[in-house]
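Participant: Encoded as structure tokens, here's the structure I'll be asking about.
The values are calculated or read from the model by the stated rules, or taken from the named source; none is laboratory data. Only a predicted model underlies this, so the values are computations on that prediction, with no experimental measurement involved. Virtual Cβ from ideal backbone geometry, glycine too; neighbours counted across all protein chains shown.
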Amino acid sequence: MANTFHIRIKKEYAAAVIEDLQKMDAVELISESEFQIPDWQIELGRKEVQNILDGNTELKSWEETKKILKA
């Protein structure tokens, strides 16, 4: 299972845990310059923007969206 996550390390001990995982070959650190958004995600984003511009997508306010997410 190869997932990619972007994280912000907030505690010193967390950085040590990540370093230990890297030593065990459990994680691979990828620099910003190495990271690329897959073409399929870029295309999906472009299609969604076009749907919005064409009026084919129902947009909700942030307040309405927060209520849905909390439900």
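Participant: Can you confirm whether residue 30 is of a type outside the set (Asp, Glu), surrounded by 11 or more Cβ atoms within 10 Å (Cβ to Cβ) and touching a residue at least 12 places away in the same chain (Cβ under 8 Å)?
Facilitator: Spelling it out, residue 30 is indeed of a type outside the set (Asp, Glu), surrounded by 11 or more Cβ atoms within 10 Å (Cβ to Cβ) and touching a residue at least 12 places away in the same chain (Cβ under 8 Å).
Participant: (1) of a type in the set (A, V, I, L, M); (2) at pLDDT below 95; (3) part of a helix (DSSP H, G or I): which one isn't true of residue 27, the others all being true?
Facilitator: The one condition residue 27 does not meet is (3).
Participant: Report yes if some residue within region 7-14 is surrounded by 10 or more Cβ atoms within 10 Å (Cβ to Cβ) and in a loop (DSSP other than H, G, I, E, B); otherwise report no. Don't jump to the end; show me each part of the working.
Facilitator: Of all residues in region 7-14, those surrounded by 10 or more Cβ atoms within 10 Å (Cβ to Cβ) come to 9, 14.
Add one more test, that the residue is in a loop (DSSP other than H, G, I, E, B), and what stays is 9.
So far as region 7-14 goes, yes, one or more of its residues are surrounded by 10 or more Cβ atoms within 10 Å (Cβ to Cβ) and in a loop (DSSP other than H, G, I, E, B).
Participant: Any residue in region 4-17 that is modelled with pLDDT under 90 sitting within a Cβ distance under 7 Å of a residue that is assigned to a helix (DSSP H, G or I)? List the pairs, counting only those 6 or more apart or interchain.
Facilitator: 9/15; 9/18
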